[in-house]
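Visitor: One structure follows; several queries about it will come next.
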């Protein structure tokens with residue numbers, strides 16, 4: 001288990017990701033919790049890095065948005081909610097610079113992304129998926145696995161607090177990795193580094209955390 005390192009929301013911060021990867025022990029196997037894209041300047045490069053290296057990743061809500069809107073934005077010139085400052089899709093569109101082949105390749109990659117990954121007793125999702133663990137194969141609830149936040153959780157299973165699994169998730173930024181009884185939130189707000197955010201990796205065997213401060217080249 002000590003080979004696996006789960007990495008939080010990258011959000012197009014390729015330089016920061018490269019610096020973090022260099023800090024991981026030799027032979028480490030990265031796993032990503034989604035939100036590879038949007039907000040930062042290098043979404044295309046992050047997607048290509050994960051795809052070409054065959055790293056595991058779950059789908060995040062920003063991959064969902066990209067999949068549904070990038071063709072409208074690039075090929076049809078339509079203005080979508082995804083392009084707004086809230087979601088940061090415009091930075092993603094700019095990173096592709098009309099590289100339509102890469103766009104189509106990465107759309108296909110998103111299609112293949114699982115909504116969750118299970119490794120032994122670890123349940124890896126983008127959103128806070130623990131309260132939906134028993135319904136993880138139910139199409140009615142699959143969106144919860146990449147949109148749910150702990151602070152907004154409802155329609156929960158009871159008693160998820162006693163499940164003998166550990167949900168490692170991103171989606172909600174915290175100042176530091178959040179450790180609970182059977183959950184770990186690892187989004188430490190990388191793309192918001194100007195206000196103290198960083199990119200973090202969690203080792204599944206030891207729960208050791210390695211973090212890297214934002215490289216300014218990812219947002220400026």
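Visitor: Quickly run through the stretch 93-118 and pick out the residues that are outside any helix (DSSP H, G or I) and either modelled with pLDDT under 95 or surrounded by fewer than 16 Cβ atoms within 10 Å (Cβ to Cβ) (or both). Walk me through it before giving the result.
Guide: Step one: list which residues in the stretch 93-118 are outside any helix (DSSP H, G or I), which gives 97-99, 113-118.
Of everything in the stretch 93-118, those that are outside any helix (DSSP H, G or I) and either modelled with pLDDT under 95 or surrounded by fewer than 16 Cβ atoms within 10 Å (Cβ to Cβ) (or both) turn out to be 97, 98, 99, 114, 118.
Visitor: What's the number of the only condition in (1) buried (at least 19 other Cβ atoms within 10 Å of the Cβ); (2) in contact with a strand residue (DSSP E or B) (Cβ under 7 Å, 6 or more places away or on another chain) that residue 62 fails to meet?
Guide: (2)
To keep it simple, each residue is scored yes or no on (1) surrounded by fewer than 24 Cβ atoms within 10 Å (Cβ to Cβ); (2) out of contact with any strand residue (DSSP E or B) (no Cβ under 8 Å at 6 or more places or on another chain); (3) within 19 Å of residue 99 (Cβ to Cβ); (4) modelled with pLDDT of 95 or more.
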{"residue": "1", "(1), (2), (3), (4)": "yes, no, no, no"}
{"residue": "21", "(1), (2), (3), (4)": "yes, no, no, yes"}
{"residue": "28", "(1), (2), (3), (4)": "yes, no, no, yes"}
{"residue": "32", "(1), (2), (3), (4)": "no, no, no, yes"}
{"residue": "35", "(1), (2), (3), (4)": "no, yes, no, yes"}
{"residue": "41", "(1), (2), (3), (4)": "yes, yes, yes, yes"}
{"residue": "45", "(1), (2), (3), (4)": "yes, yes, yes, yes"}
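Visitor: Next question. Of the residues that make up the stretch 85-102, is at least one out of contact with any strand residue (DSSP E or B) (no Cβ under 7 Å at 6 or more places or on another chain) and under 30 Å from residue 206 (Cβ atoms)?
Guide: Checked against the condition, which is being out of contact with any strand residue (DSSP E or B) (no Cβ under 7 Å at 6 or more places or on another chain) and under 30 Å from residue 206 (Cβ atoms), the stretch 85-102 yields no hits at all.
Visitor: Another question, then. Applying the selection to the stretch 172-186, what residues are touching a helix residue (DSSP H, G or I) at 6+ places or on another chain (Cβ under 7 Å) and either assigned to a helix (DSSP H, G or I) or touching a residue at least 60 places away in the same chain (Cβ under 8 Å) (or both)?
Guide: Scanning the stretch 172-186 gives a single hit, 173.
Visitor: Follow-up. Cβ-Cβ distance below 6 Å, separation of 6 or more or different chains: which pairs start in the stretch 150-165 with a residue that is more than 22 Å from residue 119 (Cα to Cα) and end on one that is exposed (fewer than 13 other Cβ atoms within 10 Å of the Cβ) and at pLDDT 90 or above?
Guide: Matching pairs, first to second residue: none at all.
Visitor: Before we move on, is residue 192 without any contact (Cβ under 8 Å) to a residue 60 or more places away in the chain and touching a strand residue (DSSP E or B) at 6+ places or on another chain (Cβ under 7 Å)?
Guide: no
Visitor: List the number of the failed condition for residue 164; all other conditions in (1) under 20 Å from the mean Cα position of the chain (by Cα); (2) at pLDDT 95 or above hold.
Guide: (1)
Visitor: Sort out which residues of the stretch 5-38 are under 13 Å from the mean Cα position of the chain (by Cα) and either without any contact (Cβ under 8 Å) to a residue 24 or more places away in the chain or part of a loop (DSSP other than H, G, I, E, B) (or both), and write them in order of number.
Guide: Across the stretch 5-38, the qualifying residues are 8, 9, 10, 11, 12, 13, 33, 34, 35, 36, 37, 38.
The values are calculated or read from the model by the stated rules, or taken from the named source; none is laboratory data. On a predicted model such as this, the values are computed, not experimentally measured, just so you know. Backbone-built Cβ (ideal geometry, glycine too); neighbour counts: all protein chains shown.
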